[in-house]
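Here is the structure we will look at.
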Amino acid sequence: MSERSDSPDSHRIDLHSHSSWSDGTTGVGELFAQARSAALDVLALTDHDTVAGWSELPAAVAASGVAAVPGIEVSSEHESCSVHILALLVDPSPDSDLAAEMASARTSRVERARRMVELISADHPLSWEDVTAQVAGETTVIGRPHIADALVAAGVVPNRSAAFTEVLRPSGPYYVPYYAPSPLAAVRAIREAGGVSIVAHPGSVTRDDDLPLALLEAMVAAGLDGIEVDHREHDEAETARLREVARRHDLLITGGSDFHGTGKPNRLGENLTAAEVLESIAARATSGTGIIRH
Ligand code: AMP
Ligand code: ZN
Ligand code: FE
Ligand code: FE
């Protein structure tokens, strides 16, 4: 294996990934082992609405030699539309507004998943136990991916992606929303917790429409630091549009794989972030949480 440097000119930086502490399929140690195989220098762990995986980062960094950016993908909601915001280098303290909002979202996620299973079970062979059987380890972040995996195990659909398009889609009969703060409240809470906020995949094709520009600009006014421009769900036109918005508002531009293990086709390192941008992120954070280096 080639030697890698952790100096500021390290250049393979992926700022978006999930472990089995949320809806990824790999544990944190395995995630970083795979990051090394993908020749990454730096990987951000950004599980949905939880910092539970952070305690495993020092050991994962030591074993893999890949530096870690502790992060979260915070759920927020605007007019029934889910808006994800990456919170990098935040203070993980349980006393913050951010921690309280995430705890509410996690609780609501469980109630929502139970309700969705109830609705689905009227038409398909699926029980709540089938879903909890798909939840890795001790995670408390239950999402549609876990229901999707249970539907695959029950033979209702061939794979996770089919479950999302056929059974779990927001416009379908079984979808139930969960509580999440507004995007503006989330951006403010991330800033209060000393972190850096990056709106995740704002042009995601899995949503019915792009994030409205007016909302993006309101988020900027609330303190948004950047836009995840380079993401597999953005086509060339979308990437160009977002790059222009970022330039106009002097926002940071990031890229990330949004890796979910075997649960999604995304490959580690398929989208990257420039080293200067990571330096700006580290310089902006006021939380005391830093990049974990080997
Ligand atoms: P939820 O937050 O529970 O509504 O579930 C949505 C999450 O499922 C998003 O964060 C996606 O990243 C994730 N997801 C995992 N696998 C898939 C897939 N195959 N298709 C669409 N979304 C997926
Ligand atoms: Zn996810
Ligand atoms: Fe997301
Ligand atoms: Fe994600």
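Across segment 217-294, the fraction of Cα-Cα pairs farther apart than 17 Å, rounded to a whole number, is 56%.
With the highest mean first, a sort of the peptides 12-18, 235-241 on other beta-carbon atoms found within 10 angstrom per residue produces 12-18, 235-241. At the residue level, Trp21 shows approximately 50 square angstrom of accessible surface with a 1.4 angstrom probe and all protein chains present. With no solvent and one equal point scatterer placed on each C-alpha of segment 21-72, evaluate the Debye formula and give log10 I(q)/I(0) for q = 0.21 Å⁻¹, two decimals. Each listed q corresponds, in turn, to -0.64.
Highest mobility in the GNM of the chain, judged by mean-square fluctuation with C-alpha springs under 10 Å and restricted to Ala99, Ala122, Ala148, is found for Ala122.
Out of all DSSP beta bridges with both ends in the chain, state the antiparallel percent to the nearest 5. Bridges in the chain that DSSP calls antiparallel: roughly 45 percent.
If you count only protein heavy atoms with a 1.4 Å probe, what accessible area per residue comes out for segment 119-228, rounded to a whole Å²? Please list the in-between numbers first.
Values: 4620 Å² over 110 residues.
About 42 Å² of surface per residue is accessible.
With one equal scatterer per alpha carbon and no solvent term, the Debye-computed log10 I(q)/I(0) for segment 13-284 at 0.12, 0.16 1/Å reads -0.70, -1.28. What part of the accessible area of segment 13-284, given as a whole %, is carbon or sulfur when the probe is 1.4 angstrom? Reported share for carbon and sulfur atoms: 51 percent. For the residues Leu88, Leu251, Leu268, a GNM of the chain with alpha-carbon springs under 10 Å puts the largest fluctuation on Leu251. Among Ala33, Ala44, Ala154, which one shows the biggest mean-square fluctuation in a GNM of the chain, springs joining Cα atoms closer than 10 Å? Fluctuation is largest for Ala154.
Percent relative contact order of segment 42-163, based on C-alpha pairs within less than 8 angstrom and at least six residues apart? Write out the running numbers ahead of the final one.
Values: 147 pairs, mean separation 22.5, N = 122.
Dividing the mean separation by the residue count of segment 42-163 yields 18 percent.
Of the DSSP H helices in the chain, those with a Cα length along their own long axis of 15 Å or more and a mean Kyte-Doolittle hydropathy reaching -1.0 comprise 97-121.
When nucleic acids and ligands are ignored and a 1.4 Å probe is applied, Arg293 ends up with an accessible area of around 100 Å². Using all pairs of distinct alpha-carbon atoms, the Kirkwood hydrodynamic radius of segment 58-173 works out to 16.2 angstrom.
The values are calculated or read from the model by the stated rules, or taken from the named source; none is laboratory data. What you see is a predicted model; the values in this text were computed from it and never measured. Cβ coordinates were reconstructed from backbone atoms using ideal geometry, including for glycine residues, and neighbour counts include every protein chain displayed. The protein model used for the area step is the full one, side chains on, heavy atoms only, and it has no ligands, DNA or RNA in it. Shrake-Rupley method; radii C 1.70, N 1.55, O 1.52, S 1.80 Å.
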